[in-house]
Structure formats: structure tokens, C-alpha cells
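Below is one structure; the comments refer to it alone.
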Amino acid sequence: MASIGGGIAASTKAKTRRGTLLSSEEMAALLDQRTVPEIVDRLRGRSFDVFLGRLSADNIRRGELEFLLDVSILAEGLIFRPYVDMRNRKLLDLWLESFDIELIKNFIRSLVGGRSERASADSTLELVSELKLTLVDQDKLLSANSLREVIESIKKESLRSALSVALPAAYENLSSDDMNFDRAEFQKTIFDFVTTIDRFHLDSLYEAAKDALGQEGRLMRMLIGVRVDLTNLYWIYRARRFFGMSPEEALTLILRARYHADFDTLTRFAFAEPDAMASVLANNVYSKIFEFNDDDNKNVALREMRLESRVSKMLLSAAERVFLSGTQGFQNVLAYLTLKEFEIRDITAIMESVRYGFDKDETAMFLIRTFGSLGKEMS
């Protein structure tokens, strides 16, 4: 009975926290700001204010600001931990490992970004010294000077082994001091690293949710399963279009987990030419994501922005459907954290548009939580 009561308490708390997300009017007000400090002022008093208060008002660094906004998601996730039973606590902890994973990926990129990026990574972590990483040994990660040492900082042996297999010998000792290496080939190595880490994470998440019972279990599997399917399709698309991989090579990237997109669908998608991939998904729930018009195809950057936006909006829609079901359960916690994730990404996109002087109407078109969906969420 305590477990059921705890699940209801966590579910109720998630519904309450959903009401603290930025409204349509508040998001529009952010778009009207002219500087990043003005945006930060607008965010004062929100759930992430405890972290924003650590920034210097006179010298707000974009990297630190984005990092602290991301940390706020981790902090909110930890709020739910005392309210859930052991099974759902394991799932919540796995979900929150995405923070560690993003940190690992960013740290790997900083190894070849020069000493200034390394120093920035180190100082940024000091802003949240009270939050301890769970997937990696923080001291080992911060002292790592090569890709091999980054791998050795990871606590889970299964992930360490998988990354070791994905690491070419030529890059084992690559560090920020090295300047003479094939950057194009290294980008492929980074892509392999990122997919290996994300594959490990999403497979673990789906495995943890697969035996959950009833409507709660069905909605959790839907929320994670849509992410699984979109990840598989997106990776195949990128592998074929940008990295020149063969269909067979692209299929080696996919997850063990499957939801609506079964192996037959993924195989036909991989063997299609990049411009014909959308036709493979005809009558599939994901068919519209890879359809582009002539203008999109003339502007590669615009096409890829549309693709990423569509993927994110479908994940957002899955989270909204969880709340619209009206069902009590742990799935509401995961749905709320998904909505929070996209709120932070939209805030980051607005900051980028202000920083570089982009047109605010064009920026609004690519926000994940569109003004229409914001109103729908709050109704």
C-alpha cells in the first residue's frame, strides 16, 4: 500500500510541477528581450533560480548559463526520488543519468577544443559541486587528458567495454594538446562514441520499463519507446546522409530496443536512398518527420533544423499524451521531466537567437513547445 501511495504522491507532484512551466505569454516575453542578461532577469524566481543565482550578473557566460539550466532538470528529478518505490526509483535514476551522459559527451568534445574549453568545463562543474555524478568518477573525469582516460572514469564496466571497442587505437591518447589529426575522421569517432553511450542509456531505460504493469506501464513504454524509435531512425538517416555509411553499417548503430519501428522497417529505411527514406515510412506514425519540400532541400541547414524540430515535437507530443490520459502513476514524473527538458532547450534557443540577432518570428517557428502547445498543456 505504501508503494501505491508513493506512486500517487509522485504523480500528483508531477502534475503540480507541470503548472510551473513557462506559459505562452512568458515565453513570448523572453523572445522580446534584447540581451541574455535580460532573459536571465526574466527567469528569476522560477524553479531554476537557485542555480541562476550563482552567476555573476556582470559577466554571464553562455556555457555556464546553459549548463546551470540543464542542472536544474537533474535537481528537479531528484525531488521525486523519496516518493517512488524501488522499481521506479531505479528507472528514475537511469533517466537522470542522461545528465552524466551529456557531461561525458561534452567533455570528450572539449579534449580537442583547446585548453580554454577544458578550463571552462572544470569551472562550470564547480558551480554545482554539491551534485555528485553517478555514472562516472568525477575526479577521474576532470583529470582525464585523453579519450582512454575518459573511458576509464566511467563506473559501469559494460559501458566502458562498449566504448573501448568503439575507440580506434589511433585516438586512444588523443588530447587537447594534439593538433595534427584528421578532424573529419575524428568526428566519425565522436559520432560512434555518442551513439554507443546513448544506445547503452536508452536500452537500459526501455529494459527497466518493459515489465511495468497496467496503464502506467503502457504509458511509460510509449514515452520511452517513441524516443527509442526516433533515435534509431535519426541515427540511420545521419549515418547514411552525412557519414557515407553503407546500409549494413548504419544498422549496426541501432538499439536493441524496439517499439513501433520494427527491424524490418529499420532495414528498409537503411537501404533506401537518403532522399527516398520518407517513402519507406508511408502510413507509419513517423512518416511526416522525414518529408521535405524543394525549399528545404535547397537549404541543408534549414532542412536539418526542421528535422530536429520535428523529432523533438513528437517526443513532446508523447509527454503531453501521458498527462492527457488522466492516469495516476510514475509515467507522469517522466512526462513532466520531458516537458522540462524541452522548456530548457527552448530557453537556450531563444538565448542563441538574441545573442546572434536572429529574427524572433523565425526563432518562434523552431521552438519545440510552440505557443499553441503551451496553451494546450496548461488547459
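Please work out the FRET efficiency for the pair Asp294 and Thr363, using the Cβ-Cβ distance as r and a Förster radius of 22 Å; give the result to the nearest 0.05. Show your work: numbers first, answer last.
Working: r = 24 Å, r/R0 = 1.07.
Efficiency at R0 = 22 Å is approximately 0.40.
From the residues Ser287, Leu230, Val84, which one has its Cα farthest along the dipole of the chain in the positive direction, the dipole being from +1 and -1 charges on Cβ of Lys/Arg and Asp/Glu about the Cα centre?
The Cα lying farthest towards the positive end belongs to Val84.
Exposure proxy check: Glu102, Glu362 ranked by fewest other beta carbons within 10 Å?
Numbers: Glu102 15, Glu362 9.
Ranked by crowding around the Cβ, least crowded first: Glu362, Glu102.
Based on Cβ point charges of +1 for Lys and Arg and -1 for Asp and Glu, what charge dipole magnitude is obtained for the stretch 193-313 about its Cα centre, in debye rounded to the nearest 20?
On the way: 17 positive and 18 negative charges, 47 e Å.
Here the size comes out at about 220 debye.
Could you compute Rg(Cα) / (2.2 N^0.38 Å) for the stretch 204-339, with N its residue count? Working shown, then result.
Working: Rg = 15.8 Å, N = 136, 2.2 N^0.38 = 14.2 Å.
In units of the 2.2 N^0.38 Å rule of thumb, it is 1.11.
Between Lys13 and Thr348, take the C-beta separation as r, use R0 = 22 Å, and let me know the FRET efficiency to the nearest 0.05.
0.30
Under a point-charge model restricted to the Cβ atoms of Lys and Arg (+1) and Asp and Glu (-1), what is the dipole moment magnitude of the chain relative to its Cα centre, in debye to the nearest 20? Display every interim value, and only then the final one.
Numbers: 51 positive and 58 negative charges, 209 e Å.
The calculation lands at about 1000 debye.
Which of the aspartates and glutamates could a cross-linker bridge to Lys360, judged by Cα under 12 Å and excluding same-chain residues fewer than eight apart?
Excluding near neighbours in sequence, the set is Asp32, Glu352.
If I build a Gaussian network model for the chain, linking alpha-carbon pairs within less than 10 angstrom, which residue out of Ser309, Ser11, Ser325 has the largest mean-square fluctuation?
Ser325
Do any of Lys156/Lys313; Lys105/Lys188; Lys105/Lys155; Lys105/Lys156; Lys105/Lys210 go past 22 Å between their Cα atoms, and which? Could the numbers behind the result be given before it?
Values: Lys156/Lys313 32 Å; Lys105/Lys188 14 Å; Lys105/Lys155 15 Å; Lys105/Lys156 16 Å; Lys105/Lys210 27 Å.
Exceeds cut-off: Lys156/Lys313; Lys105/Lys210.
How much length is gained on full extension from Glu308 to Asn173, taking 0.36 nm per residue of separation minus their Cα-Cα distance? Spell out each step's value before the answer.
On the way: separation 135, 0.36 × 135 = 48.60 nm, distance 3.28 nm.
Length gained between Glu308 and Asn173: 45.3 nm.
Looking at [x] 30, 25, 21; [y] 29, 27, 25; [z] 33, 32, 19, which value of semi-axes √(5λ) of the Cα gyration tensor in Å comes from a calculation on the structure shown?
So the calculated entry is the one marked [y].
Figure the gain on full extension for Ile190 and Glu273 (residue separation times 0.36 nm, minus the Cα-Cα span) and round it to one decimal in nm. Before the final figure, lay out each step's value.
Working: separation 83, 0.36 × 83 = 29.88 nm, distance 2.42 nm.
The Ile190-Glu273 span can extend by a further 27.5 nm.
For the chain, calculate the relative contact order in percent as a whole number, restricting contacts to Cα pairs under 8 Å that are 6 or more residues apart.
Details: 385 pairs, mean separation 83.1, N = 379.
RCO, the chain: 22 percent.
For Val136, what residues show an amide H to amide H distance below 5 Å, using hydrogens built from the backbone and excluding near sequence neighbours?
Placed amide hydrogens put Lys155 under 5 Å from Val136.
If I model a spin label at Val165 and Arg44 as a point 7 Å from the Cα along the Cα→Cβ vector, what separation in nanometres do I get?
5.3
Return the whole-Å distance between the Cα centroid of the stretch 285-302 and the Cα centroid of the stretch 191-205.
26
With unit charges on the beta carbons (Lys and Arg positive, Asp and Glu negative) and the dipole taken about the Cα centre of the chain, which residue among Ser164, Gly19, Thr267 sits farthest to the positive side?
Gly19
Quick one: compute the contact order of the stretch 188-319, relative version, from alpha carbon pairs under 8 angstrom and 6+ residues apart, as a percent. Let's see the in-between values first.
Details: 107 pairs, mean separation 29.2, N = 132.
Value for the stretch 188-319: 22 percent.
For Asp85 and Lys132, what does the FRET efficiency come to when R0 = 30 Å and r is the distance between their Cβ atoms, rounded to the nearest 0.05? Present the calculation step by step, with values, prior to reporting the outcome.
Details: r = 23 Å, r/R0 = 0.76.
FRET efficiency, Asp85 to Lys132: 0.85.
What does the convex hull of the Cα atoms of the stretch 138-273 come to per residue, in Å³, rounded to a whole number? Kindly include the intermediate steps, with their values, before the conclusion.
Working: hull volume 16.1 nm³, N = 136.
Here the figure is 118 Å³ per residue.
Where is the GNM fluctuation largest for the chain (alpha-carbon springs, 10 angstrom cutoff): Arg355, Arg81, Arg369?
Ranking Arg355, Arg81, Arg369 by mean-square fluctuation puts Arg355 first.
At 18 angstrom or more along the helix axis (alpha-carbon based) and mean Kyte-Doolittle of -1.0 or higher, what helices does the chain contain? Whole DSSP H runs only. Display every interim value, and only then the final one.
Details: long enough: 2-18 (24 Å, -0.28); 62-79 (26 Å, 0.93); 86-110 (36 Å, -0.19); 183-209 (39 Å, -0.14); 214-241 (40 Å, -0.29); 300-324 (36 Å, 0.35); 331-355 (36 Å, 0.17).
Once both thresholds are applied, what remains is 2-18, 62-79, 86-110, 183-209, 214-241, 300-324, 331-355.
What percentage of all Cα-Cα pairs in the stretch 260-372 are separated by more than 18 Å?
Numbers: 3897 of 6328 pairs.
Across the stretch 260-372, Cα pairs with separations above 18 Å total 62 percent.
Quick note: the coordinates plus some simple rules give every number you see, no bench work behind them. Please read all numbers here as calculations on a predicted model, not as lab measurements. Positions of Cβ are backbone-derived with ideal geometry, glycine not excepted, and every protein chain shown enters the neighbour counts.
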